[in-house]
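One structure is given below, encoded as structure tokens.
The values are calculated or read from the model by the stated rules, or taken from the named source; none is laboratory data. For clarity, every value in this text was computed on a predicted model and none was experimentally measured. Cβ placement follows ideal geometry from the backbone for every residue including glycine, while neighbour counts extend to all protein chains displayed. Ligands, DNA and RNA are stripped out before the accessible areas are found, and what is left, the full protein with its side chains, is counted by its heavy atoms. Shrake-Rupley method; radii C 1.70, N 1.55, O 1.52, S 1.80 Å.
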Amino acid sequence: MTMLTVLKRGFFTTVQDQGRYGYQKDGVVVSGVLDDYAHRIANYLVGNCENSPILEITLNGPQLQFHIDAVIAICGGNLSPSINGRPLPMWKSILIKKDTVISFGKCLAGARSYLAVSGGFHVPKVMESASTYVRGKFGGVDGRTLQMNDKLTFGPFSKLNKRIFEKLTGSTVANWSVPYQRMYSKKLIRVMKGRQYEEFTNISRTNFFKYQYTITTESDRMGYRLKGTPLALQRDEEMLSEAVTFGTIQITTDGQPIILLADRQTTGGYPKIAQVASVDFPSLAQMKPGDRIDFELITIEKAQQLLRQRERYLQLIKTGIRLKYS
Amino acid sequence: MNFQLYPMGDHALLLEFGKVIDPKTHQQIQKITNVLEHSPPSWMVEYIPAFTTITIIYKPTEILYKEACLELNKIVLNMEEHNAINQHIVTIPVCYGDEFGPDLEFVADVNSLTKKEVINIHANGNYLVYMIGFSPGFPYIGGMSEKIAAPRKKSPRLNIAAGSVGIAGKQTGIYSIDSPGGWQIIGRTPVRLFQIDKQKPAFLKAGDKIKFIPISRNEYYEWVN
């Protein structure tokens, strides 16, 4: 049964969950959402488990028609969502009535919006994940971005899905929203030293932190190519390929950095100057071509401590939402 | 067993067993991946073996870097010596030359060999899969004779069919999916190296030994059908 029809496709909208883990040893790309916090909170707001498949909407959003009543939540970057022409609040649980149309407009803040529906988007799992990997043509909806006339269905309702749905009937919009501001930084990205950090020239190590790097238009879910003061190794050496991760910053032969993201290849052979702290992945996800980045060096201990703080905050939000609907 | 631990940011760490590609280093990696595969630590998300390293992805919300290092040291210390390692020999049929191997002649010419000699040398090598990477199911294979080494193409082809067997420098490889590439293509195998709908999507894994068996064009098409 069709529950949602795509009326207009937008720029780049895909179904994603937290990613396809366990197959990197087979060379399979992880994929998954870029902004895991927006993803998790959107899922909490509708009563899903945190790995439920959602829509990741980039810069220019689609137009979507709902064929059933459903609870939705939109988190992450502000792409001016509207419902039948009226602005739609973000970071809130919202009850959508049958036949309403959701549209997106100008990109006001950030770059990526996350739309969750109660029950989650239902797509066939490939290697245990719903995530779309467009280059590999698998996962999500036929391994591609959403297109006009795509028909989507949602998964079955949990008890919590139902409770939220019933509580919202009558009011349609919750009278509270999640305080999210402290999750995003506009420019500053904290990093740790990469594997080959010490092998770069002194001046390169200084410049990497001294100057800003601009995200170029050659950037996508695989990685952001940056442009700025070129960086160089003390001496050229042939590197053996080894695994790379989300947030690995490698320096290509022309001296420019690439920050690897969700659709990165599993292994790489470029020298790695730094690794982005996980706590700053959402900030990174909400940046777009033209934005400038300041890198700041922190220790692993600090990065892990910050991540645990963030995790506690997310758990608090999750519990808070459950209490409101208990 | 000698190895060093390095952090890879705040959610991965890396065990390094050496700086050069050799079968001994590879065996040590195989031993540990065996343990990680059959009794994975609860805090591990997954592991990724490479030429001289294993990278371990973990959840920093469950374990800190220093704790994970201690745990891994324990795992390596407690590893049983007789720990069986993968001795799997995989045969891969290859139809060499003609439309499946447009660069066979080039490889023969740069090495002053006949096409037949290139096929013989390639098919009689002892090959080892060091790692899977670059693209889904793509094996990095060691063991090719330098007698058939050939430089990469100056400009890469836009599309190389899955199953194409190629040579780049002193390496040989098999394209696991259709993709652009600059390797000199000498043949094609009907075996699919990567199938998303299989329970084990990758046909090969690190540690496999490979034997190439030359087949005719008819045998190739019989295999495909």
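A compact table of results
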| quantity | calculated |
| --- | --- |
| Flag if A:Ala116 is open to solvent by less than 40 Å² (accessible area, probe 1.4 Å), part of a strand (DSSP E or B), out of contact with any Phe, Trp or Tyr (no Cβ under 9 Å at 6 or more places or on another chain) and touching a residue at least 60 places away in the same chain (Cβ under 8 Å) | no |
| Test: B:Ser164 is open to solvent by 80 Å² or more (accessible area, probe 1.4 Å), away from chain A (no Cβ under 14 Å) and modelled with pLDDT of 95 or more | no |
| Where B:Glu222 falls short, out of the listed (1) surrounded by fewer than 21 Cβ atoms within 10 Å (Cβ to Cβ); (2) in a loop (DSSP other than H, G, I, E, B) | (2) |
| Residue match in segment A:18-26 (condition: assigned to a helix (DSSP H, G or I) and of a type in the set (Lys, Arg)) | yes |
| Meets criteria (among the small types (Gly, Ala, Ser), surrounded by 16 or more Cβ atoms within 10 Å (Cβ to Cβ), within 14 Å of chain A (Cβ to nearest Cβ) and assigned to a strand (DSSP E or B)) for B:Ala206 | no |
| Residue within segment A:180-190 that is modelled with pLDDT of 95 or more and surrounded by 15 or more Cβ atoms within 10 Å (Cβ to Cβ) present | yes |
| Residue check for B:Val76: hydrophobic (A, V, I, L, M, F, W, C), over 15 Å from the mean Cα position of the chain (by Cα), in a loop (DSSP other than H, G, I, E, B) and under 15 Å from B:Phe3 (Cα atoms) | no |
| Cβ pairs under 8 Å, 6+ apart, first in segment B:125-149 and within 11 Å of chain A (Cβ to nearest Cβ), second part of a strand (DSSP E or B) and of a type in the set (S, T, N, Q) | B:Met131/A:Thr267; B:Gly133/A:Thr267; B:Phe134/A:Thr267; B:Ser135/B:Ser179; B:Tyr140/B:Gln171 |
| Output for segment A:243-262, where each listed residue is open to solvent by 10 Å² or more (accessible area, probe 1.4 Å) and within 14 Å of chain B (Cβ to nearest Cβ) | A:Phe246, A:Gln250, A:Leu260 |
| Residue count, segment A:298-319 (criterion: open to solvent by 30 Å² or more (accessible area, probe 1.4 Å) and β-branched (Val, Ile, Thr)) | 2 |
| Some residue of segment B:64-71 being modelled with pLDDT of 95 or more, away from chain A (no Cβ under 14 Å) and not in a loop (DSSP other than H, G, I, E, B) | yes |
| Some residue of segment A:230-238 being touching a residue at least 12 places away in the same chain (Cβ under 8 Å), of a type outside the set (Asp, Glu), assigned to a strand (DSSP E or B) and open to solvent by less than 10 Å² (accessible area, probe 1.4 Å) | no |
| Subset of segment A:133-159 (residues that are assigned to a loop (DSSP other than H, G, I, E, B) and either at positive phi or touching a Leu at 6+ places or on another chain (Cβ under 9 Å) (or both)) | A:Lys137, A:Gly139, A:Gly140, A:Asp142, A:Gly143, A:Leu146, A:Met148, A:Asn149, A:Asp150 |
| Matching residues, segment B:113-161, being surrounded by 21 or more Cβ atoms within 10 Å (Cβ to Cβ) and either acidic (Asp, Glu) or farther than 25 Å from B:Thr53 by Cα (or both) | B:Val118, B:Ile119, B:His122, B:Ile148, B:Ala150 |
